[in-house]
Amino acid sequence: AMSNTRWSVVVPEDTDRALRSYLARKGTKKGDLSRFVDEAVLSRLFELTVEDVKERNQEYAQEDILEAIEDALVND
């Protein structure tokens, strides 16, 4: 089992209200708020990582990148 870390976070009241009413519409269960925050953080980290990779690869032509991927797959 994964161990958990307790966070103490501060958000605007509007954000709190919006999220709690969303969760209430879904039928809130214990742990839903934590699960939502966890998923949101992981999703945002993924987006930022993709943006970083895209930025890093901007100097390369799309064709070269696709060719490198193809070579890696063929020579696997």
* Structure fact -> Rounded to the nearest 10 degrees, the helix 62-74 long axis (Cα) sits at an angle to the longest Cα principal axis of the chain of 90
* Asked: Expressed as a whole percentage, what fraction of the accessible surface of the chain belongs to carbon and sulfur atoms when a 1.4 Å probe is rolled over the protein heavy atoms?
  -> 53
* Asked: Can you tell me the Rg and Dmax of segment 35-76, counting just the alpha carbons, in angstroms?
  -> 14.9, 41
* Provide the per residue accessible area, probe 1.4 Å, for segment 6-48, rounded to a whole number of square angstrom. => 94
* With springs only between Cα atoms under 10 Å apart, run a GNM on the chain and tell me which of VAL37, VAL11, VAL53 wobbles the most. => VAL11
* Structure fact -> A convex hull over the alpha carbons of the chain yields, per residue, a volume in Å³ of 203
* Picking from SER21, SER34, SER43, which is most flexible by a Gaussian network model of the chain using Cα springs under 10 Å? -> SER21
* **Among ALA24, ALA61, ALA40: highest mean-square fluctuation, GNM of the chain, C-alpha pairs under 10 Å** => ALA61
* **Sites TYR60 and GLU39 - FRET efficiency at Förster radius 22 Å, r taken between beta-carbons, to 0.05** => 0.10
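The values are calculated or read from the model by the stated rules, or taken from the named source; none is laboratory data. The structure displayed is predicted, hence computed values, not measured ones. Cβ sites come from the backbone with ideal geometry, for glycine too, and all protein chains shown count toward neighbours. We work out accessible area using only protein heavy atoms, side chains counted, and drop any ligands, DNA or RNA first. Shrake-Rupley method; radii C 1.70, N 1.55, O 1.52, S 1.80 Å.
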